[in-house]
Amino acid sequence: MLSLAWLFRPYYPEPRVTGEIQLTADGIPNWGPLATDGPRVYFAENVNGRETIAAVPVSGGQAVPLITPFPQAGLFGISPGKTDLLVAETPDMEQEAPLWRLPVIGGTPRRLGNIAAHDASWSPDGTALAYVNGGGVYLANADGSDPRTLLAPRGRAYEWAWRPTWSPDSQRLRFEYYDMHSDGSHIWEINLDGTNPHAVFAASEQFPMQAYGDWTPDGKYYVFSSWKELESSLPSNAANLWAIRERAGPFHRASALPENLTTGPIRYFVHALSADGKTIFALSSAKHGELMRYDSRTRSFSLYASGLSAEGVNFSRDKARMAYVKYPQGELWRSRADGREPLQLSSRPLFATTPVWSPDGKRIAFAGVRAGEAWHTYVVSVDGGEPRRIDQIGETVDPGWSPDGKSLIFADEAQPNGWIRVLNLQTGSVAPIAGSRGLNSPRMSPDGHSIVALSNDTRSLLLFDLRTQTWSELTRANGIGWPLWSRDGGFVYFARIDADPAIFRVGIRGGPPEQIVSLKNVRATGVAPDWFSLSPDGDALLLHDTGGGTEIYTLTWNAP
């Protein structure tokens, strides 16, 4: 009888969030990982283009930046004793950086050996350090000495390991394999002796992509973020929090599957747990925008198309209609030029961007992606119907039409360092643009005689003459983005994102760039921080951020 009672004992009740309090509301872009020492939550924030580390009281209030000896710094975690932060000497989380122990209150920072990593964490017992470099997982002593390989890279393109997280007993690590090319992310586990590496969760429609996991201090629950759809702007994943009970009790069984803690519209994509495990400090994302037009004559902004929350705006050749992508959902729509008579042309989970009208006004080409997959080029009728994937050209972004509508120009993502290629839609043949390796964002001129493109380091705007097959540099600066041709083909507009962001234009026959509008005090958003478009009259259009930004919340939860 007792054995039957044990066998059929019920599962624990579902965990659920019981309350939330917003800790920050200053509109400054915040980023994770998060860490807490009890009275404060630590996080990274971007202030005037500089990445710093800040702290906010767990009761809410003004965030205070920490003083660090580095020009810019990224946060990885906190020591078990809550006395030292684990930081990187650079804010670029896509490069390996030196690791430092930074005292929370006073004291001298100490370099952790000669280790370079893009993520790391100390063990709960304070004796060891786990870190990731490329696609490999490594261990060292807590001070960075004696580094050694725990799991070698798998040799897969664009795959990096992230967020090495210790089990409470310091005997296991969980981490993510993240494919930066396709946005695919899966949580794995490995024993500290290097045995039994395996995916934690089986493939599931409910939570196909997982990241940012952590155990409660007592080891009973594992909390993580999961998503199956993409959104525009960072963070690009439409994530929610999930939890699974891993430790059974005498009267209840452990969870069979993870349970959903949050469901939107506020998205939670990274978190830290309090010392008692009863509070989740989470970084949130709430996105919305208003389409704005800059009138160069009055030098002022006004709503365009009634302030539609849209990006990727592109107008038909006759100026009567526009295609756009709804922000942040990533759905492709077309309408009249003023936003009337909208018609949806694509649906989630396909995420659309950079739509372009065909010259005859009958089709729209766009780049599309599903979570965990690669980018592809699609074409859809302006009257609706299923978007057709252009399989002849594989992994591609930034499609554009030739003026006669017979070809598509695109950036080939499948090639190392990228190439610009042209697809002949009649013959199906694909030809590369000479000398275009390492270039992106191609745009063909209205007369079909030239192509502009950006160097991968975003420092050079280049012009290709199709008649002479030669490249020349139009301008050079830091952070060039989003080139666009004027309708008459005499100018190329571009954004510059640096300490003094602005939109410029430069004549194709030479001369210095001319500033059109400063973006220094403009809170813009979109699929890229440099996104803008041009109205039929040549005025700059951009998406003004009216969402909640990335703010920190306290979530209380009931976890039986």
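General remarks:
- Of all residues in the stretch 157-167, those being assigned to a loop (DSSP other than H, G, I, E, B) and at pLDDT below 95 number 2.
- When Ser233, Ser284 are checked against the criterion of being under 24 Å from the mean Cα position of the chain (by Cα), at negative phi and either part of a loop (DSSP other than H, G, I, E, B) or of a type in the set (Ser, Thr, Tyr) (or both), a single residue qualifies: Ser284.
- Top-ranked residue of the stretch 50-92 - restricted to ones that are among the acidic types (Asp, Glu) and more than 13 Å from Asn30 (Cα to Cα), ranked as surrounded by the fewest Cβ atoms within 10 Å (Cβ to Cβ): Asp92
- Pairs where the first residue, in the stretch 184-199, is outside the structural domain of Glu229 (by TED's automatic domain parsing) and the second is acidic (Asp, Glu) and modelled with pLDDT under 95, C-beta under 8 Å, 6+ apart: Gly184/Glu373; Ser185/Asp179
- Subset tally (residues that are crowded, with 20+ Cβ neighbours inside 10 Å, over 18 Å from Glu395 (Cβ atoms) and of a type in the set (S, T, N, Q)) for the stretch 331-357: 1
- Residue check for Ile244: hydrophobic (A, V, I, L, M, F, W, C) and free of Cβ contacts under 8 Å to residues at least 24 places away in the same chain: yes
- Considering residues of the stretch 242-293 that are among the hydroxyl-bearing types (Ser, Thr, Tyr) and under 16 Å from Ile21 (Cα atoms) only, the residue modelled with the lowest pLDDT: Ser285
- Any pair with Cβ under 9 angstrom, 6 or more apart, that starts in the stretch 95-108 at a residue that is over 13 Å from Ile78 (Cβ atoms) and ends at one that is loosely packed, with under 10 Cβ neighbours inside 10 Å: none
- On the stretch given as the stretch 191-243, residues that are among the acidic types (Asp, Glu), surrounded by 14 or more Cβ atoms within 10 Å (Cβ to Cβ) and within 18 Å of Phe175 (Cα to Cα) total 1.
- Residues satisfying the stated conditions in the stretch 182-203, i.e. more than 18 Å from Arg156 (Cα to Cα) and among the polar types (S, T, N, Q): Asn191, Thr195, Asn196
- Wholly enclosed strands (runs of 3 or more DSSP E) of the stretch 389-435 bearing at least 3 residues modelled with pLDDT of 90 or more and not assigned by TED's automatic domain parsing to the domain that holds Gly448: none
- Hey, Asp179 closer than 22 Å to Trp100 by Cβ and of a type outside the set (Lys, Arg) or not: no
- Selection from the stretch 6-33 of residues that are exposed (fewer than 14 other Cβ atoms within 10 Å of the Cβ), at pLDDT below 90 and hydrophobic (A, V, I, L, M, F, W, C): Trp6, Leu7, Phe8, Ala25
- Considering the stretch 480-560, the qualifying strands (runs of 3 or more DSSP E), each wholly inside and each with 1 or more residues that are outside the structural domain of Asp318 (by TED's automatic domain parsing) and more than 22 Å from Ser233 (Cα to Cα), run over 480-485, 491-496, 502-507, 514-518, 552-558.
So that you can scan it fast, the table gives a plain yes or no per residue for (1) buried (at least 17 other Cβ atoms within 10 Å of the Cβ); (2) within 22 Å of the chain's Cα centre (by Cα):
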{"position": "Gln426", "(1), (2)": "no, no"}
{"position": "Ser441", "(1), (2)": "yes, yes"}
{"position": "Leu463", "(1), (2)": "yes, no"}
{"position": "Glu473", "(1), (2)": "no, no"}
{"position": "Arg476", "(1), (2)": "no, no"}
{"position": "Leu484", "(1), (2)": "yes, no"}
{"position": "Tyr493", "(1), (2)": "yes, no"}
{"position": "Ile497", "(1), (2)": "yes, yes"}
{"position": "Pro513", "(1), (2)": "yes, no"}
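The values are calculated or read from the model by the stated rules, or taken from the named source; none is laboratory data. All values derive from a computational prediction rather than experimental measurement. Here the Cβ is made from the backbone with ideal geometry for all residues, glycine too, and neighbour counts use every protein chain on show.
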